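All remarks here apply to the structure that follows.
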Amino acid sequence: MNKELLKKIFSTKVGVILLISIVLILSTTIFLVIYYFFDASVSSKLATMLFTNLFIGRVPAISFGYASNLSHLQVITFNILAEMILVTLIYSLFVFSFEGVLKIKRLEEFFSKVQKKKEQHNDAFVKYGRLGLFIFVFIPFWMTGPIVGSIIGFLIGMKHFTVIFIVFLATIISMTLWGLFLQEIVNFIGQFDIRFIWILIVIMVVSVIILKYKKRG
């Protein structure tokens, strides 16, 4: 990647959003590495939970956090952080790909699905605007959520930072409620046998992996 392209990327608002993603990734990595020397066990659990959210999803990640006896603040904060890293990274890559600045083959299929989702709900998004985007991100149904919502926000013409702010706000509220809900479930199951929780987490993870594999096939 040459200097001119880098200058072109980071001189735009979308470039700033990409830069935010890079800063979040670096600062989180540095924090976990430093924290590892103070409490290796907690740092490892936080890192595992973070990667679980990034590659599997929020429900298994939150469940893992509570099953690992992490605090409510740790679970919610790091899961919000994971989703904001994904949003800022994928949103900026999509916009650059959409505008022809970058070509990202691995994400083209996903971007195509998002555009179809946008066309499916276009009238609702145009009618309700920011509120529609907030609800879309807030309600955790299939092919909804912060990443898809942010891209659709761009496709219907919202300003970049407006999209990121709405997605961030909806993610915080949604994640907090999900955390409270799953914490109660984990605590309830834990009263019988903590192994049941780990069995459920394994089942969720395996199910997600199988679904992703089938889609690629």
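The values are calculated or read from the model by the stated rules, or taken from the named source; none is laboratory data. Since the structure is predicted, the reported quantities are computational estimates derived from the model, not experimental observations. Note: ideal-geometry Cβ built from the backbone for every residue, glycine included; neighbour counts use all protein chains shown. Keep in mind that these areas ignore ligands, DNA and RNA; they rest on the heavy atoms of the full protein, side chains included. Shrake-Rupley method; radii C 1.70, N 1.55, O 1.52, S 1.80 Å.
Descriptive notes on the structure:
- Accessible area in the full protein assembly, largest first, 1.4 Å probe, for Phe96, Phe154: Phe154, Phe96
- Ranking by accessible area, most exposed first, for Leu70, Leu26 with a 1.4 Å probe: Leu26, Leu70
- Per-residue SASA entry for Phe51, accessible area with 1.4 Å probe, Å² rounded to 10: 110 Å²
- With the charge dipole of the stretch 1-103 set up from +1 on Lys and Arg Cβ and -1 on Asp and Glu Cβ about the Cα centre, the Cα lying farthest toward the positive end among the listed residues Val33, Leu18, Leu70 is that of Leu18.
- In Å², nearest 10: area of Thr176 left accessible to a 1.4 Å probe: 50 Å²
- Shown are Arg130, Arg58, whose ranking by accessible area with a 1.4 Å probe and every protein chain present, most to least, is Arg130, Arg58.
- Rolling a 1.4 Å probe over the protein chains gives Val59 an accessible area of about 40 Å².
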